[in-house]
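Colleague: Structure in structure tokens, see below.
We did not get these values from a lab; they are worked out from the coordinates using the rules stated. Because the structure is a prediction, the values reported are computed rather than measured. Neighbour counts are summed over all protein chains in view; Cβ atoms, including those assigned to glycine, are modelled from backbone coordinates with ideal geometry.
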Amino acid sequence: MKTLVPEQILGAIHRIVGTPGVKSQSADMARHLVEPRGLYHGQSPLVVSPTTVAEVRAVVELCHGAGVAIVPQGGNTGLCGAAIPSEAGGEIVMSLDRLNRVREIDPLNYTITVEAGCILAHVQQAAGEADRLFPLSLGAEGSCQIGGNLSTNAGGINTLRYGNMRDLVLGLEVVLPDGQLWDGLRRLRKDNTGYDLKQLFIGAEGTLGVVTAAVLKLFPKPREEVTAIVAVATLTGVIELLSRLRLASGDQVTAFELLPRFGIDISLLYVPGVRDPFATRHEHYALMRLSAGRANSGLRDIVEETLGQAMTEGLVLDAVMAENESQVRDFWRIREAIVEAQIPAGGSIKHDVAVPVSRVAEFIERANVAVEALIPGARPCPFGHVGDGNVHYNVTQPTDMDKQAFLDRWAELNAVVHAIVRSLNGSISAEHGLGRLKVDEITHYKSALELDLMRQLKRTLDPKGIMNPGKVVRV
Ligand SMILES: Cc1cc2nc3c(=O)[nH]c(=O)nc-3n(C[C@H](O)[C@H](O)[C@H](O)COP(=O)(O)OP(=O)(O)OC[C@H]3O[C@@H](n4cnc5c(N)ncnc54)[C@H](O)[C@@H]3O)c2cc1C
């Protein structure tokens, strides 16, 4: 590929980071240039992987001077094309995977200070070794990085109890688009000294600077966990059950996921090792985890009593509580299998939406009707983190429809589903971000004023527009 980035800039980057820090051969760069679902394939002359903050600064300063655009990249597990360069080939990719030290754990302050390239699972493990919990948990935790989690404001299964990434950060260190270093690595729980600048960079998807390190909050490690899978009579009942469990347990529900029958059916069909949780088929299932700080805390009795009462009233149809670790894994395996099984099940049109928790059932029921009216026979697979109002409202193609013909209706179906989300004052991107996928669509869902404020922010921090151009907001 003929490079659009001047050769002398590529050479200077090479000199800053040394040979181990650059990739320029197609085979070496391949994994950095394709989005996980294959939706975007970018081009770039170079992937640079700094090992120190000084190297990050030097590369950014050089690119700023030369007007060369940079695409920051973590584990490249993001689902909206935000970490992929454009097809034009004029942007370099900055992979943070070698900037990956745990700088400090402070157990008494309940904090851990980590560099952006640390893999999420490693941070969880480091916290665990200090008898602490870092609660962010999601399907890609074995490969996504803290910098990516911060930049997408990742959510995952524990948001209900611990919040999303935005709630889990006390301080940040960021290399700004001109190469200056903002050291905001504070470890304070109280600091009312003006604008909370770190929040600008969280969820910014790499458009305002390169995050190099963060101070993250830790929590007491739970000593007892109760996991259950429950068949519920109605979608409204799923949310009612969540509310009852929160009340009865004193808010000890950490995860509460919706599993639809269609998702279980395709999992049984396509993913080896998945077992139907009950002998009888039901329409709606909730997978839940509650946790307590003390073993034998009585939590199990509380869950049993609450489910028993709900069963007497007909709200719950069947329930099983995990007796051991292997059963816990089996239950969560069903949840993961629903994601995997959608691939062999055919074309799937995705929505990652949020509505108020109290409107989740209404949203799904209205969306199901609208989808059937638009594409008869299309099979909704609404699943995910309903405990915090986030529904992955995916729709699998009708069995007798051509896959491409179905996928060609992506925008049309999105418009129908997102109109319902808007009518409920919801969000069209609950946890995955905007990236390239929704950069234009979001203009229909935010006010002109809000979009203008976002553009002003972008121009203020990145006047040359070199930081991840074409993502989040067009300037
Ligand atoms: C199987 C699977 C399950 C998933 N489950 C969830 C889930 O439950 N909840 C959820 O929220 N997401 C989920 N995701 C999406 C994804 O894992 C998250 O968005 C994750 O936070 C991205 O991290 P990453 O390191 O892979 O970032 P990348 O994909 O590499 O990058 C994402 C964005 O962050 C920017 N970025 C990365 N590092 C930096 C940095 N150091 N400085 C500045 N910008 C940076 C990139 O430019 C890009 O805009 C899932 C993905 C997969 C594949």
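Colleague: For residue 133, what residues show an amide H to amide H distance below 5 Å, using hydrogens built from the backbone and excluding near sequence neighbours?
Modeller: 219, 221
Colleague: Sorted from fewest to most neighbouring beta carbons within 10 Å, what does the list 396, 227 look like?
Modeller: Listed from fewest to most nearby Cβ atoms, that is 396, 227.
Colleague: Given an 8 Å cut-off on Cα distances and at least 6 residues of separation, report the relative contact order of segment 107-217 as a percent.
Modeller: 33 percent
Colleague: Provide the per-residue ³J(HN,Hα) series for segment 190-199, in order, calculated from phi with Karplus coefficients 6.51, -1.76, 1.60 and θ = phi - 60°, each as a whole number of Hz, with x at glycine and proline positions.
Modeller: With the stated coefficients, segment 190-199 comes to 10, 6, 9, 10, x, 4, 8, 4, 4, 5 Hz.
Colleague: As a quick test, which of the pairs 190/458; 438/464; 23/464; 190/217 have an alpha carbon distance above 18 angstrom in this structure?
Modeller: Table pairs above 18 Å Cα-Cα are 190/458; 438/464; 23/464.
Colleague: Could you run the Debye sum over the Cα atoms of segment 7-95, one equal point scatterer each and no solvent, and tell me log10 of I(q)/I(0) at q = 0.10, 0.19 Å⁻¹, two decimals?
Modeller: One equal scatterer on each Cα of segment 7-95 leads to -0.22, -0.81.
Colleague: Hey, another quick one. If I fit a long axis through the Cα atoms of helix 360-374 and take the longest principal axis of the Cα atoms of the chain, what angle between them do I get, 0 to 90°, rounded to 10?
Modeller: Compared with the principal axis, the helix lies near 80 degrees.
Colleague: What is the spread of the Cα atoms of segment 172-250 along each of their three principal axes, largest first, in whole Å?
Modeller: In descending order, the Cα extents are 56, 28, 23 Å.
Colleague: Another question, then. Using modelled amide H (1.01 Å from N, peptide plane; none on Pro or chain starts), what sits under 5 Å from the amide H of residue 293, excluding residues fewer than 5 places away?
Modeller: Those lying under 5 Å, H to H, from residue 293 are 223.
Colleague: Pop out the ³J(HN,Hα) list for segment 20-28 in order, Karplus 6.51 cos²θ - 1.76 cosθ + 1.60 with θ = phi - 60°, rounded to Hz; leave Gly and Pro as x.
Modeller: Listing the rounded values in order: x, x, 10, 10, 9, 7, 3, 5, 5 Hz.
Colleague: Hey, what number do you get for the chain at 222 nm if only DSSP H runs of n ≥ 4 count, each worth -39500 (n - 2.57), divided across all residues, to the nearest 500? List each step's numbers first, then the result.
Modeller: Values: 15 runs with 157 residues, N = 475.
Helices in the chain give a 222 nm mean residue ellipticity of -10000 deg cm²/dmol.
Colleague: Considering only DSSP states other than H, G, I, E and B, which GluC sites (Glu not before Pro) in segment 199-294 qualify as loop sites with at most 12 other Cβ atoms within 10 Å?
Modeller: none
Colleague: Sticking with this one: Once you have the Kirkwood Rh of the chain from its Cα pairs, apply Stokes-Einstein at 10 °C and 1.306 mPa s and quote D in µm²/s.
Modeller: My calculation gives 67 µm²/s for D.
Colleague: Express in % the proportion of alpha carbon pairs of segment 102-220 at distances exceeding 24 Å.
Modeller: Roughly 18 percent, rounded to a whole number.
Colleague: Right, something else. Eigenvalues of the Cα gyration tensor times 5, then square-rooted: what semi-axes does that give for segment 260-418, in whole angstrom, largest first?
Modeller: Taking √(5λ) for each eigenvalue gives 32, 18, 14 Å, largest first.
Colleague: Scan around residue 103 for amide H atoms under 5 Å from its own, H built in the peptide plane at 1.01 Å from N, and keep only partners 5 or more places away or cross-chain.
Modeller: Under 5 Å from the amide H of residue 103: 113, 114, 115.
Colleague: If neighbour count is taken as other Cβ atoms inside 10 Å, put 399, 443 in order from fewest to most.
Modeller: Numbers: 399 9, 443 12.
Lowest count first: 399, 443.
Colleague: A follow-up question, please. For segment 289-383, take the alpha-carbon Rg, divide it by the Kirkwood Rh, and send me Rg/Rh.
Modeller: Rounded to two decimals, Rg over Rh is 1.05.
Colleague: Among 112, 133, 102, which residue has its Cα positioned farthest towards the positive end of the charge dipole of segment 102-220, with +1 placed on the Cβ of Lys and Arg, -1 on the Cβ of Asp and Glu, and the dipole taken about the Cα centre?
Modeller: Going by the charge dipole, the pick is 133.
Colleague: Equivalent-ellipsoid semi-axes (√(5λ), Cα gyration tensor) for segment 224-341, whole Å, largest first?
Modeller: Details: eigenvalues 106, 57, 25 Å².
With the √(5λ) rule applied to segment 224-341, the semi-axes are 23, 17, 11 Å.
Colleague: Using the Karplus curve 6.51 cos²θ - 1.76 cosθ + 1.60 with θ = phi - 60°, what ³J(HN,Hα) values do you get for each residue of segment 116-123, in whole Hz, with x for Gly and Pro?
Modeller: For segment 116-123, the Karplus curve yields 4, x, 5, 6, 3, 4, 5, 5 Hz.
Colleague: Could you work out the relative contact order of segment 229-348, using alpha carbon pairs under 8 angstrom and six or more residues apart, expressed as a whole percent? Provide the component values of the computation, followed by the final result.
Modeller: On the way: 155 pairs, mean separation 49.3, N = 120.
RCO, segment 229-348: 41 percent.
Colleague: A follow-up question, please. With contacts defined as alpha carbon pairs under 8 Å and 6 or more residues apart, what's the relative contact order of the chain in percent?
Modeller: Once normalised by length, the contact order is 15 percent.
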